[in-house]
Amino acid sequence: QLLQVPNPNWPEKKAIDETSWTDVEYCKLRGKWYPVSKTEAEKAAWEFREKNDGIDVVAIHPGTCLGELIQKEMNASSAVLQRLMMGSKDTQECYWLGAVHVKDVARAHVLVYETPTAAGRYLCVNGIYQFSSFAKTVSELYPDFPIHSCGDNLVRLTGVRDLRLSAPSGG
């Protein structure tokens, strides 16, 4: 949810990182219930931590998680790609989109579980892109699909440092 940050009021020069939150009211007005539920669930976890001093909470925020599905039903991430490849004209305005392979998300969960010093919120993506850039890349990879061009008039992200959680030593 963090990486699909629908937030039209996000400062232009401010990088989206672990301190970023979805604008819940913006999403509610547009019927974007998935990011609303993810944001409210995480905020509840942090509130629970505050009320129960000593409990560890670590949040991993994968972007659009692509790769093999283990379930028969379409998940939210794959549905984004499917709608795009079927010609949807929903440009996901004001969305920043991170993409990550499902196996990298699994590795991230194991890594934070095995790292006693892990704390806070972690982004798990190969990069964060304006939705229009993502659509353009998909259209170049799959030119035979009717992928709608979202235009190129949206703000670009600025670079951020790559802060990686290190694997525990000795293992």
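Computed from point charges on the beta carbon alone (+1 for Lys and Arg, -1 for Asp and Glu), the dipole magnitude for the stretch 24-141 about its Cα centre is near 320 Debye. Here the stretch 24-141 is treated as a Stokes sphere of Kirkwood radius computed over C-alpha pairs; at 20 °C and 1.002 mPa s its diffusion coefficient rounds to 133 µm²/s. Using amide H atoms built in the peptide plane, which far-off residues or other-chain residues are under 5 Å from L66 H to H? Under 5 Å from the amide H of L66: V100, H101, V102. Extension gain for the segment V110 to Q71, taken as residue separation times 0.36 nm less the Cα-Cα distance, is 12.0 nm to one decimal.
Read-outs: derived from the displayed coordinates by stated rules, not from any lab. Quantities reported herein were computed from a predicted structural model and do not represent experimental measurements. Quick reminder, even Gly has a Cβ in these numbers, built from the backbone with ideal geometry, and neighbours come from all protein chains shown.
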